[in-house]
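Working notes, beginning with the structure itself.
The values are calculated or read from the model by the stated rules, or taken from the named source; none is laboratory data. All values derive from a computational prediction rather than experimental measurement. Using ideal geometry, Cβ is built from the backbone for each residue, glycine included, and neighbour counts are taken over all protein chains shown.
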Amino acid sequence: MIQALCSEIHKRVASLNEPLETLYFGGGTPSLLTSEEFDQLLSAIAEIISIDQLKEVTLEANPDDLTETNLVIWKKVGITRLSIGLQSFKESDLLWMNRAHSAEEALKCVSLAQANGFQNISVDLIYGLPDLTIEEWKKHIDLVISMNVSHISAYCLTVEEKTVLNRLVKQGKLIPAGEDQQSEQFEILSKKLVEAGFEHYEVSNFGRPGMHALHNSNYWRGKQYIGIGPSAHSYNGFERRWNISNNFTYMKMNASEWFEVEELTAKDRWNELVLTGLRTSWGVDEEKLFAILPPDLSFRTKLEAFVVSGWVEVNKGHIILTLEGRLRADHIAAELFQ
């Protein structure tokens, strides 16, 4: 697999029209990679670009992988930012989510990473969990704030088809929080983190000033990126490309089988800009949007209605969601699609 990844790096990275700014080891559990495997991948990338010029190199890691040994390795190979999947501080939640770590390990792993020189740390939390009370959620947020991390990502629990969670819900063994409770937890989250000095710069993301996730911000700003590996997606401004998910087919890398390409129409590009831009605190740049397609009367009418409702504001040519609007981000975006 490492050889296949290196092969794709050589095939793909040179085709970028923009300079690479960030590198992200994610999707699955990259924290299982050995020092030698990291060296192989980074050596392949270094043949094409200067690793030292990258502004951010992120590694997704599970709390149970944050050992002293691994942290030393990651520092040595050039990881500058950690994204840690804490998810919850409630033991029963971690158990049914099949997480390998305990609440105590979640607290300790961040301190250990900081002691080993990692100051740019993001942690993930999930709200809308079954039986998660408002008081428990407030305590979770307070715990994360006390960790002195630079970034927090918080996602509402979603029940996907053909998953263990979906089966448990259908059997009545788990009852997810209702929409009203999810909304209340989201509003509490935003209020407490903003009061603690975080900037709510994207629907699910909060960063200390100057510590926003550069890699993810590039997605939301519509910048080009290349995804390497099974199921990885890429975007060059006019088309999207995604690799096959099957590991063995990917490793064979037969040109006719291992990836697919979709050319984006003007409507596709308009809709994507609306979808991603509305999620951010800087919003959708009307000048960029209208350069793709001119707005029609329906768009103007719907936008004005959202402004009157208090869900949207238009500031210096940018369409921006209010906090109340962020609770309805997907609905508002869909209404403004071409």
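In segment 33-56, the residues that are more than 18 Å from Thr22 (Cβ to Cβ) reach residues that are assigned to a helix (DSSP H, G or I) and not hydroxyl-bearing (Ser, Thr, Tyr) with C-beta atoms within less than 7 angstrom, at least six apart or across chains, in these pairs: Ser35/Ile73; Ser35/Val77; Glu37/Ile2; Asp39/Val77; Gln40/Ile2; Gln40/Cys6. Inside segment 48-74, residues that are among the aliphatic types (A, V, I, L, M), under 13 Å from Phe118 (Cβ atoms) and surrounded by 14 or more Cβ atoms within 10 Å (Cβ to Cβ) make up a count of 6.
Against the conditions (1) in a loop (DSSP other than H, G, I, E, B); (2) in contact with an Asp or Glu (Cβ under 6 Å, 6 or more places away or on another chain), Val261 satisfies every one except (1). Per the conditions (1) closer than 21 Å to Asn205 by Cβ; (2) part of a helix (DSSP H, G or I); (3) modelled with pLDDT of 85 or more, the sole criterion not satisfied by Ser7 is (1).
Filter segment 231-252 down to residues that are hydroxyl-bearing (Ser, Thr, Tyr) and in a helix (DSSP H, G or I) and give me whichever is farthest from Asn218 (Cα to Cα).
Going residue by residue through segment 231-252, those that are hydroxyl-bearing (Ser, Thr, Tyr) are 231, 234-235, 245, 249-250.
Now restrict to residues that are in a helix (DSSP H, G or I): 249-250.
Numbers: Thr249: 30, Tyr250: 26 Å.
Looking at the filtered set, the residue picked out is Thr249.
Looking across segment 24-38, the residues that are outside any loop (DSSP other than H, G, I, E, B) and either modelled with pLDDT of 95 or more or surrounded by fewer than 17 Cβ atoms within 10 Å (Cβ to Cβ) (or both) come down to Tyr24, Phe25, Leu32, Ser35, Glu36, Glu37. Tally up the residues in segment 247-290 that are in contact with a Gly (Cβ under 8 Å, 6 or more places away or on another chain), among the β-branched types (Val, Ile, Thr) and in contact (Cβ under 8 Å) with a residue 60 or more places away in the chain, please. Matching residues across segment 247-290 total 0.
Within segment 240-293, being under 26 Å from the mean Cα position of the chain (by Cα), surrounded by fewer than 12 Cβ atoms within 10 Å (Cβ to Cβ) and more than 30 Å from Glu313 (Cβ to Cβ) holds for Ser245, Glu260, Val261, Glu262, Glu263. Counting the residues of segment 242-268 that are among the basic types (Lys, Arg) and either at pLDDT 95 or above or in contact with a Leu (Cβ under 7 Å, 6 or more places away or on another chain) (or both) gives 1.
Just checking, does segment 305-319 include any residue being within 23 Å of His215 (Cα to Cα), touching a helix residue (DSSP H, G or I) at 6+ places or on another chain (Cβ under 9 Å) and not polar (S, T, N, Q)?
In the first step, residues of segment 305-319 are kept if they are within 23 Å of His215 (Cα to Cα); the result is 318-319.
If we keep only those that are touching a helix residue (DSSP H, G or I) at 6+ places or on another chain (Cβ under 9 Å) as well, we get 318-319.
From what's left, not polar (S, T, N, Q): 318-319.
Scanning segment 305-319, I find at least one residue that is within 23 Å of His215 (Cα to Cα), touching a helix residue (DSSP H, G or I) at 6+ places or on another chain (Cβ under 9 Å) and not polar (S, T, N, Q), so the answer is yes.
Of the numbered criteria (1) modelled with pLDDT under 95; (2) farther than 23 Å from Trp311 by Cβ, the one Arg221 fails is (2).
One line per residue, one yes/no per condition, for (1) in contact (Cβ under 8 Å) with a residue 12 or more places away in the chain; (2) in a loop (DSSP other than H, G, I, E, B); (3) of a type in the set (A, V, I, L, M, F, W, C):
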site: Thr58; (1), (2), (3): yes, no, no
site: Phe89; (1), (2), (3): yes, yes, yes
site: Ala113; (1), (2), (3): yes, no, yes
site: Phe118; (1), (2), (3): yes, yes, yes
site: Pro130; (1), (2), (3): yes, yes, no
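Residues in segment 199-239 that are of a type in the set (Asp, Glu) and either farther than 18 Å from Asp285 by Cβ or not assigned by TED's automatic domain parsing to the domain that holds Asp124 (or both) were compared, and the one that is surrounded by the most Cβ atoms within 10 Å (Cβ to Cβ) is Glu199. Based on what the data block shows, is Leu174 more than 29 Å from Leu321 (Cβ to Cβ) and either surrounded by 14 or more Cβ atoms within 10 Å (Cβ to Cβ) or in contact (Cβ under 8 Å) with a residue 12 or more places away in the chain (or both)? Yes: the conditions hold for Leu174.
Test of understanding: among Glu195, Glu136, Glu160, Glu105, which residue is loosely packed, with under 13 Cβ neighbours inside 10 Å, modelled with pLDDT under 95 and of a type in the set (Asp, Glu)? Reasoning before the result, please.
Numbers: Glu195 fails: modelled with pLDDT under 95; Glu136 fails: loosely packed, with under 13 Cβ neighbours inside 10 Å; Glu105 fails: loosely packed, with under 13 Cβ neighbours inside 10 Å.
Result: Glu160 is the single residue among Glu195, Glu136, Glu160, Glu105 that is loosely packed, with under 13 Cβ neighbours inside 10 Å, modelled with pLDDT under 95 and of a type in the set (Asp, Glu).
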